[in-house]
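The structure appears below as C-alpha cells.
The values are calculated or read from the model by the stated rules, or taken from the named source; none is laboratory data. Computed from a predicted model, the values in this text were never measured in an experiment. Every residue, glycine as well, gets a Cβ built from its backbone with ideal geometry; the counts of neighbours run over all protein chains shown.
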Amino acid sequence: MPRLIAEFRARPRGHAPADRLLPDELSRVVRGVRRLSGGLTRGRRLVGAAYLDDAELRAAYLLYFWPVSYAQARHVLSELGTRPRAVLDLGSGPGPFALAAFDAGAAEVTAGDRSEAALEAARRLAAGVRRSLVTRGWDPLRGVGLPGGGQAWSVISLGHVLNELWSGAPDRLERRTALCTEALGRLRRGGTLVLVEPALRDTSRELLQVRDRLVDAGFPLRAPCLWRGRCPALAHAGDWCHGERAWEPPPALAQIIAAAGLHKEALKTACVAVSRAGEPWPEPPPGRLFRVVSEPMPSHGRTRVMGCGAEGRIPLARADAAVSETNRAFGEARRGDVLAVEDAETTETGGVRVAAETRVRIALRAGEALREPSRASSTAGSSSAPELPS
C-alpha cells in the first residue's frame, strides 16, 4: 500500500504519512471509487470504456481495485499448485495480476493493455520492487493479436477483462471464446489459461458459458471444477458460481472501504483455469467428493449447502439433531472447500442426507490444488507456489 500511495501522489507531499491518506486525498479517492464501482457493477456504463486514462478513476483503481485484484490473483495462482515461470497478463492495467505473478515466483512477466498510462504505472510499481516488467500495447477490440510474437507461456491471465470485451454484442461469447482459444494455443506444455471475473451473477454466468464452450472443444479444466461436463449452475437462471476467501484488508485500504461505505469482508471471484487440449484433467482425491459452492443455509432445524462434484450440483443437508463427531466437518466447511462424504443417503430428489453415522471430512481446503504437479507439467514449474501472507 505505501508503494501504491506513492504512485498515486506522483510527487512527495511534505510530511504526509507513507501508509495512509490525508483527508483531501481520501475524499478524492472515495469519489473515484464510487464512480468506478458504480460504472462497473450497477449501471456498468464504464464497461469497455478507457477509464484508466481518467486520472481520478486511475487513482481509484490504484488504491482500491488494485490491492483487491492483487490478493485475488495470489489466491488463484496458489490454486494451480505450480510456480509460474513465464506469464502473459492480458488487460493488465497498472499490473495487479502481473505483480502477483512475480510474487508467486514468475521469472518473466509481460503485461499487455491498451492504456499506456496504466502500463507506465505498472512499470514503475514493478521497478519499485526490483522487477523488470515487460509491457506491450494490446487491444483486442482493434484486432491486435497477442503480444510476444511466437513465445510460449506457462500462464496467460485475463483478470476482470473478458466481461469488458464486446460487451452487449450478440456474439460476445463466441468472440471471448475465440480469444481464449488463441491464448490456449500459446501455452507451453502443462501451462494454464487463468480467467478471473467479478463475482456478479451476469459476469459469472457468462464466464461459465465461455467455460462450457472451451470444455466442448476439448480443453480440460485445471481448477476449480470437479464436474467435467457442462456447468450445472447454468441449468437455472438464478444460479451462478464463485469462490470466496476471508481476508483482512490492509489499514489504508480499510480506510477507503469505510469512507466509501463499501463491504469487503471477503474476496469473491469467479474463476476458471484451463489447460491445453489433449492434456489430462487433474485427478481429485479419492472418495465421493463435493466442492461447496454456497454459503451454509440453515432452515427449520437443518443446515443445507450446495455441493458440486462428479454427481453434478446437488444439495447436501444435515439435521441439527444429526450432528456428530464423524460428520462435524460438514459444519466447518466453507465455500470452496471440497468435502469427502461416506455412508450418506441419497434422497428421492437427488440430494444427499448427512446422517449421524455419515463420515465427512474436508479433502481439500479452498485454494488447494486438485493434484500435485506431474513430471509432464514440469515446463510450467514443478515447485509449489508460495503461500499468500495472511
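Can you tell me which residues in segment 333-354 are touching a residue at least 24 places away in the same chain (Cβ under 8 Å) and within 17 Å of residue 287 (Cβ to Cβ)? Residues satisfying the conditions are 333, 337, 338, 339, 340, 341, 342, 344, 352, 354. Summed over segment 37-53, residues that are free of Cβ contacts under 8 Å to residues at least 60 places away in the same chain and out of contact with any Lys or Arg (no Cβ under 9 Å at 6 or more places or on another chain) total 4. There is at least one residue in segment 285-298 that is within 30 Å of residue 178 (Cβ to Cβ) and not in a loop (DSSP other than H, G, I, E, B).
Got at least one residue in segment 145-164 being modelled with pLDDT under 95, in the same structural domain as residue 217 (by TED's automatic domain parsing), out of contact with any Ser or Thr (no Cβ under 6 Å at 6 or more places or on another chain) and of a type in the set (D, E, K, R)? Scanning segment 145-164, I find at least one residue that is modelled with pLDDT under 95, in the same structural domain as residue 217 (by TED's automatic domain parsing), out of contact with any Ser or Thr (no Cβ under 6 Å at 6 or more places or on another chain) and of a type in the set (D, E, K, R), so the answer is yes.
Hey, does segment 108-130 have a residue that's modelled with pLDDT of 95 or more, under 22 Å from the mean Cα position of the chain (by Cα) and either assigned to a loop (DSSP other than H, G, I, E, B) or among the basic types (Lys, Arg) (or both)? There is no residue in segment 108-130 that is modelled with pLDDT of 95 or more, under 22 Å from the mean Cα position of the chain (by Cα) and either assigned to a loop (DSSP other than H, G, I, E, B) or among the basic types (Lys, Arg) (or both).
Segment 198-277 holds strands (runs of 3 or more DSSP E) entirely within its bounds, and those carrying 3 or more residues that are modelled with pLDDT under 95 and closer than 25 Å to residue 82 by Cβ map to 243-246, 266-274.
Check segment 53-67 and report whether any residue there is under 13 Å from the mean Cα position of the chain (by Cα) and farther than 17 Å from residue 257 by Cα. Looking through segment 53-67, none of the residues is under 13 Å from the mean Cα position of the chain (by Cα) and farther than 17 Å from residue 257 by Cα.
Filtering 48, 91, 39 for residues that are crowded, with 19+ Cβ neighbours inside 10 Å, over 17 Å from residue 255 (Cα atoms) and in contact with a Leu (Cβ under 8 Å, 6 or more places away or on another chain) leaves a single hit, 91.
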